[in-house]
Amino acid sequence: MALKIWLNDRLVDEKEAKISVFDHGLLYGDGVFEGIRVYSSKIFEFKAHMERLFESARAIRLSMPMDFDEICEATRKTVEANDIVDGYIRLIVTRGIGDLGLNPFLCKNAGLCIIASDIQLYPEEFYVKGMKVISATTHRNHPLALPPQIKSLNYLNNIMAKIEAIDAGVVEAIMYNHLGYVAEATGDNVFIIKNGTIYTPPVQAGSLDGITRAVVIRLAREEGIKVNERNLVRFDLYTCDEFFLTGTAAEVIGVVEIDGRIVGDGKPGPITKRLREKFYAYAHA
Ligand code: PXG
């Protein structure tokens with residue numbers, strides 16, 4: 001069925017949802033976005049996603065085309081217009097139409113697209129058996145080049161790492177920062193478990209401040225499991241008992257092999273499984 005897409009100030013048919021070749025979102029990757037789940041007709045962690053969107057925009061001096069409440073309302077209307085019960089929202093704000101120069105302030109109006117649709121999930125087998133990853137040689141953006149907390153339309157850094165993963169016959173790559181500390185995966189945050197304690201890199205190591213990450217940290221602490229945010233090195237990933245990734249698309253997914261080293265006993269571990277179940281229950285509550 002054809003989708004209804006929110007384009008700037010209204011819902012339009014999918015075939016009319018087109019943007020200009022002069023939009024700086026296309027010309028320079030100048031813009032920000034969010035990926036948000038809908039579970040049982042409820043928009044998951046809606047406020048947190050919208051706050052992150054507005055902070056990303058603020059960081060790049062992008063004037064939002066609507067205020068906070070108006071964008072929330074437009075998002076809800078798009079979900080309703082497409083009868084989304086369990087699905088995915090992609091919300092994109094571009095710098096808008098300008099000329100063929102970098103100056104973002106010549107773009108008069110930011111562009112807004114909201115797509116509410118189905119989600120492409122990893123096959124169930126990945127959750128049952130766990131996934132294999134590699135360490136990427138492509139480093140995460142240096143924080144002085146582009147703050148990694150900005151969820152910008154510039155994903156080339158992560159795409160380079162994703163290509164390394166695919167070339168190696170796996171689906172995900174772990175990205176390290178300029179100091180050699182673990183930052184994140186190409187579209188997910190990283191967690192390991194050692195002797196019953198969960199460790200995850202601090203956001204300052206170069207990751208996106210993941211919303212799934214924050215939920216999982218909270219759920220783990222509610223379970224009485226210690227969560228320690230500290231820098232991790234490759235050795236920590238090679239010697240951990242359990243390893244999992246979190247993200248909007250993946251939710252909680254176990255990693256069972258990194259750079260040819262088997263994690264734990266080669267299957268998603270018990271704490272990973274428990275957190276995945278807790279996450280599922282929380283999301284569908
Ligand atoms: N790091 C990066 C670089 C991301 O892009 C995450 C971590 C996890 O954050 P959340 O807030 O989702 O828990 C992301 C999120 C996609 C896709 O199409 C990627 C994300 C979100 C939605 C869809 O690959 N990345």
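The values are calculated or read from the model by the stated rules, or taken from the named source; none is laboratory data. This one's a predicted model, so the numbers in the text were calculated from it and none came from an experiment. As a convention, Cβ positions derive from the backbone with ideal geometry for all residues, glycine included, and neighbour counts pool all protein chains shown. Only protein heavy atoms, including side chains, enter the accessible area calculation; ligands, DNA and RNA are left aside. Shrake-Rupley method; radii C 1.70, N 1.55, O 1.52, S 1.80 Å.
Considering the options Gly101, Tyr181, Ala2, tell which one lies farthest towards the positive end of the dipole of the chain, charges being +1 on Lys and Arg and -1 on Asp and Glu at the Cβ, about the Cα centre.
Of Gly101, Tyr181, Ala2, it is Tyr181.
Roll a 1.4 angstrom probe over the protein heavy atoms and tell me the percent of accessible area of the chain that is carbon or sulfur.
Answer for the chain: carbon and sulfur cover 55 percent of the accessible area.
Compare the Cα positions of Val21, Val32, Met131 along the charge dipole of the stretch 1-138 (+1 at Cβ of Lys, Arg; -1 at Cβ of Asp, Glu; about the Cα centre) and return the one farthest towards the positive end.
Value computed over the given set: Met131.
Grab the beta carbon distance between Arg76 and Lys108, set R0 = 25 Å, and tell me the FRET efficiency rounded to 0.05.
0.40
For Ile262, tell me the accessible area in Å² from a 1.4 Å probe, rounded to the nearest 10.
100 Å²
What is the antiparallel percent of DSSP beta bridges lying wholly in the chain, to the nearest 5?
Of those bridges, close to 80 percent are antiparallel.
What accessible area per residue comes out for the stretch 4-117, rounded to a whole number of Å², with a 1.4 Å probe? Walk me through the intermediate numbers first.
On the way: 5890 Å² over 114 residues.
Using a 1.4 Å probe on heavy atoms only, each residue of the stretch 4-117 averages 52 Å².
Would you pull out the residues with amide H under 5 Å of Glu172's amide H, same chain only if 5 or more places away, H placed 1.01 Å from N?
It is Ile134, by chain and number.
Projected onto the charge dipole of the chain (+1 at Lys/Arg Cβ, -1 at Asp/Glu Cβ, origin at the Cα centre), which of Ile119, Thr197, Pro143 gives the Cα projection farthest towards the positive end?
Thr197
Between Tyr280 and Lys47, with labels modelled 7 Å along Cα→Cβ, what's the label distance in nm to one decimal, could you check?
2.8 nm
What figure in square angstrom, to the nearest 10, would you give for the accessible area of Leu106 with a 1.4 Å probe?
For Leu106, solvent-accessible area is about 90 Å².
Just to verify a number: FRET efficiency for Ser117 and Asp259, C-beta to C-beta distance, R0 = 35 Å, to 0.05? If you can, show how the numbers build up before the last one.
Working: r = 35 Å, r/R0 = 1.00.
Taking R0 as 35 Å, the efficiency between Ser117 and Asp259 is 0.50.
Among Lys132/Lys267; Lys42/Lys278; Lys151/Lys273; Lys47/Lys226; Lys194/Lys273; Lys47/Lys151, which pairs are too far apart, with a Cα-Cα distance over 20 Å?
Values: Lys132/Lys267 11 Å; Lys42/Lys278 17 Å; Lys151/Lys273 28 Å; Lys47/Lys226 26 Å; Lys194/Lys273 15 Å; Lys47/Lys151 16 Å.
The pairs that break the limit, which is 20 Å between Cα atoms, are Lys151/Lys273; Lys47/Lys226.
Hey, can you find the accessible area per residue of the stretch 153-267 for me, probe 1.4 Å, expressed in square angstrom? Walk me through the numbers before you get to the answer.
Details: 4620 Å² over 115 residues.
Here the residues of the stretch 153-267 average 40 Å² of exposed surface.
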